[in-house]
Structures are given as structure tokens and as C-alpha cells.
Amino acid sequence: MPAPLPTLPWYLNQGKLKRGKGKTISPADSLFGPGYQVFSIQYVPHNGQVKFNMEVKIDADSTEYIEVSDPKPFDEEDPLSFGSLVESTLKASWEVDK
């Protein structure tokens, strides 16, 4: 069995991004601002301590897939999710097809 893949918060806390004149900033600070508790992104907002379902997969040709969904949606008929484990996309359930 392969080793588990690192989590998104782990990636966001790694490395530094250059920010002009030799200054660096972490990816998490760049995305969310200084002091943001990046590990809190695993929790569904306004739903107690419910964690998002997050799954990742890398297939034989190194294509990466991610799927994130709300395990206890407000609307059972239209749950919020993005990504797919069968198609390389980040399309979100709330996006309207044009």
C-alpha cells in the first residue's frame, strides 16, 4: 500500500514564495493572510466540527485527481462539492454551465 499523500494544509505550510526585494512569504500567508489557521480549512463552515470529505488519487500516468464534498449538506438534493476522482477537473457543483 502506498504512503498516504500529504494534506493540503501541509503543502500550504511548506516552502516560501518570493515577494519582491528578497522578502519571502509562506503559501498559506499568501492565500489567506498572516496568522490564518490553515488547518481549519478541513472543517465545514458553520457546521460544528464536521470535516469535508477529501479524496485524492494519482493514476498510472501521473494524472492527479481531487474531490472535496460536504458530508452533511444543507440541501441533500444539491450537495456542495468540487473536483472529481474520474475526471481531471476542479469544477464545482455550484458553478452554472454556460
_Quick check on Val50: is it loosely packed, with under 12 Cβ neighbours inside 10 Å and either over 12 Å from the mean Cα position of the chain (by Cα) or of a type in the set (D, E, K, R) (or both)?_
no
*Within the group Leu80, Leu90, which residue is of a type in the set (A, V, I, L, M, F, W, C) and more than 21 Å from Ala28 (Cα to Cα)?*
Leu80
_From the options Phe82, Phe52, Phe74, residue that is aromatic (Phe, Trp, Tyr) and at pLDDT below 90_ = Phe74
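The values are calculated or read from the model by the stated rules, or taken from the named source; none is laboratory data. Everything numeric here is computed off the predicted structure, so don't read it as measured data. Cβ atoms come from the backbone with ideal geometry, glycine included; neighbour counts cover every protein chain shown.
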